[in-house]
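A short write-up of the structure that comes next.
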There are 2 protein chains.
Amino acid sequence: MFQLNKVSDKTKARKGLLETDHGSIETPIFMPVGTLGTVKAVNQDDLKNKVKAQIILGNTYHLYLRPGNHIMQDAGGLHSFMGWDKPILTDSGGYQIFSLSDIRELREEGAEFQSHLDGSKHLFTPENVVDTQRVLGSDIMMILDECPPYPAEYDYVKESMGLTHRWAERGRKQFEETEPLYGHQQMQFGIVQGGTFEDLRKESSEFMASLDFEGLAIGGLSVGEPSDLMYEVTDYNTDLLPREKPRYLMGVGTPGNLLQCVALGIDMFDCVMPTRNARNGMLFTRNGTINIRNAKWKNHHKPLDPDFPSDACQRYKMSYVHHLFRNEELLGLELASKHNLTFYLWLMETIREKIEDGTFADWYPGMMEVVERRI
Amino acid sequence: MFQLNKVSDKTKARKGLLETDHGSIETPIFMPVGTLGTVKAVNQDDLKNKVKAQIILGNTYHLYLRPGNHIMQDAGGLHSFMGWDKPILTDSGGYQIFSLSDIRELREEGAEFQSHLDGSKHLFTPENVVDTQRVLGSDIMMILDECPPYPAEYDYVKESMGLTHRWAERGRKQFEETEPLYGHQQMQFGIVQGGTFEDLRKESSEFMASLDFEGLAIGGLSVGEPSDLMYEVTDYNTDLLPREKPRYLMGVGTPGNLLQCVALGIDMFDCVMPTRNARNGMLFTRNGTINIRNAKWKNHHKPLDPDFPSDACQRYKMSYVHHLFRNEELLGLELASKHNLTFYLWLMETIREKIEDGTFADWYPGMMEVVERRI
């Protein structure tokens, strides 16, 4: 159940509330990525109470391979397995099949692939990824789609989109004919494809809207195209989507991307960037982005940003976090990961406040400059 | 300031209170090892509030090399650098020189060694390790000693002990002639050597007692000798130590070692075992020791020990912790490390309770059996 509460005057930014049986999600929102049922280097209590994550993402491809559906169902689903009582969104595994595994065959029935772990063969179909996500018990599940690479030719993208549409119909049917396993409701989101071609995006948006999913994702972006092109496609794609459904831009992005794409009408985001970059020492701050491994922080005995509600900022000196990274200490990874996620969630909260009080349009260009600054 | 509150009737177990400017330490106590200013995989808040560590250990050798004395002093000492406001004990670096570095020359003046990091040359003397520990600002500092390997010949151990004694005199003098740097008091502990030879232990104990250190350590054990021999030496060595000084058995040990050595009159312990073994999946429980990597936990959807106050026990299923280890997820290292340390600190707390209520002697043999059981 999605409720749209406010739309910015001068931009397409929207503020809303998405209700699930595991609690409400305030949008625009960023979803930390917990690939294997753990947001890397962050424990569930901290994720909830310090990072203040409202929803996290799990990867069907990875969780299907390990621990596997049998153990997952015995455990009572992903919430129970990982000890997380707030909402979870799971992807369908499509993206990982194309990026991680050796695809053996992509056919009408589905995608046959070899596991990147042990080479074993598996078939994902539009129906069985619904079944797997029933076993996972995610609050929001995604349909199986084919995500074409960038750049790709018009004819290839059009044909691929056709397959995604036929899979979407089958996935929606499977969703409607099956029931949740653990007593809480699940939603299903469609995925709009069509590459960077406006007519295909229009066709795909209309098709996906016709299947009455609980939400719609913009897929096929953040696959290597320039930022400006991503913004351009997002801009015309959001105009093609029903106003009353939540809109999820998959795999995006930098803090600057989030600000810009909120302005273009996106409600939900996920990306590995805050945690992956954290593990490389890159920290996002309200003054710009730093690399804590840089020697200039070696003798800098102040917190990163004492007023900012993150452990790495308030509690520890930059010289200490630098020291942890220089010595490959695990605590460095934890502090940096928690910090970046806290920053992302703080950014989304601030965005919501600015939309609410009507100042988003004036505020976000300045914030874009800040987050894209390197210090 | 050490206060001895109770001594067990049937064993030599003692209960006491060691006061420092960063708070009191209830003994017998276990000190988690924070080699580089971080107890691996555990953040300072959890170390204090969940693990309930009362004192931690830092390694002078490592901290001298990184971040180095200059940065450490600018940071205001180790407490300030790492954000830890409870007591810290630092070793003198002697043990690491002998175990990690290429020693270039061991001479009367001190030990010249090459850094294991970059091969750079350094000299540790009885005086400058006091100075370095002034810079670290530890509540308890240790003297520089030579720790002979096991087995070692009588003549070598006797000669080495002589050097340690001369160094002890010089170290104590340096301690008495210098002042703390950060406004809190520091203590200095001597280290008894003498290998496994009773007459040398006696000579060393009397010598160290004569220098009026604030506490005395038993060094030269836990270097590869059989447990029974360690117990035997500890047993006669504690009889040779002044009753009113705290006694620290360096580098020990397993939960069984702690129980046995408390019974032999030891007040303080440190060991990397709980954290190092945690990172290999070995978890200590009140029912015995398990390896969470073992396939038998794969589909075991209950907490490890639901009544035990540790995250890994109460909050997460064993199947989930197993899954984290199988997938090399950082959260597994955090949960296991916190669990084992919580277990060690719980064990020490229970030991203190049993000494207090006079049941320690009857209780500990049964507990020895439990902690040495593999399940």
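Worth pointing out:
- Selection count, the range B:326-335, where residues are free of Cβ contacts under 8 Å to residues at least 60 places away in the same chain and hydrophobic (A, V, I, L, M, F, W, C): 2
- Selection count, the range A:119-128, where residues are touching a helix residue (DSSP H, G or I) at 6+ places or on another chain (Cβ under 7 Å) and in a helix (DSSP H, G or I): 2
Residues are listed down the side, and each one gets a yes or a no for (1) in contact with a Pro (Cβ under 8 Å, 6 or more places away or on another chain); (2) buried (at least 18 other Cβ atoms within 10 Å of the Cβ):
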position: B:Phe175; (1), (2): no, yes
position: B:Ile191; (1), (2): no, yes
position: B:Gly195; (1), (2): yes, yes
position: B:Ser204; (1), (2): no, yes
position: B:Ala209; (1), (2): yes, no
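- Tally, over the range B:150-166, of residues that are open to solvent by 40 Å² or more (accessible area, probe 1.4 Å) and touching a Gly at 6+ places or on another chain (Cβ under 7 Å): 1
- For the range A:295-315, taking the residues that are of a type outside the set (D, E, K, R) and under 29 Å from the mean Cα position of the chain (by Cα), the one that is most open to solvent (accessible area, probe 1.4 Å) is identified as A:Gln314.
- Among the candidates B:His300, B:His323, B:His339, the residue that is in a helix (DSSP H, G or I) and in contact with a Lys or Arg (Cβ under 8 Å, 6 or more places away or on another chain) is uniquely B:His323.
- Scanning the range A:20-68 for residues that are touching a Ser or Thr at 6+ places or on another chain (Cβ under 6 Å), open to solvent by 40 Å² or more (accessible area, probe 1.4 Å) and within 12 Å of another protein chain (Cβ to nearest Cβ) yields a count of 1.
- Of B:Leu229, B:Leu216, B:Leu221, B:Leu259, all but one fail to be surrounded by fewer than 21 Cβ atoms within 10 Å (Cβ to Cβ) and modelled with pLDDT of 95 or more; the exception is B:Leu229.
- Test: residue in the range B:180-189 that is touching a helix residue (DSSP H, G or I) at 6+ places or on another chain (Cβ under 8 Å) and either open to solvent by 50 Å² or more (accessible area, probe 1.4 Å) or β-branched (Val, Ile, Thr) (or both): yes
- Checking B:Met82, B:Met142, B:Met72 one by one, the residue that is in contact with a Ser or Thr (Cβ under 9 Å, 6 or more places away or on another chain), within 13 Å of chain A (Cβ to nearest Cβ), in contact (Cβ under 8 Å) with a residue 60 or more places away in the chain and crowded, with 20+ Cβ neighbours inside 10 Å is B:Met72 and no other.
- Condition check for B:Phe284: more than 14 Å from chain A (Cβ to nearest Cβ), open to solvent by less than 50 Å² (accessible area, probe 1.4 Å) and not in a loop (DSSP other than H, G, I, E, B): yes
- Single condition A:Leu335 does not satisfy, out of (1) more than 8 Å from chain B (Cβ to nearest Cβ); (2) modelled with pLDDT of 95 or more: (1)
So that you can scan it fast, the table gives a plain yes or no per residue for (1) small (Gly, Ala, Ser); (2) surrounded by fewer than 18 Cβ atoms within 10 Å (Cβ to Cβ):
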position	(1), (2)
A:Leu324	no, no
A:Leu331	no, no
A:Glu334	no, no
A:His339	no, no
A:Leu347	no, no
A:Gly358	yes, yes
A:Ile375	no, yes
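The values are calculated or read from the model by the stated rules, or taken from the named source; none is laboratory data. Not measured: the values here are computed from a predicted model. FYI the Cβ positions are ideal-geometry reconstructions off the backbone, even for glycines, and counts take in every protein chain you see. What goes into the accessible areas is simple: the full protein's heavy atoms, side chains included, and nothing from ligands, DNA or RNA. Shrake-Rupley method; radii C 1.70, N 1.55, O 1.52, S 1.80 Å.
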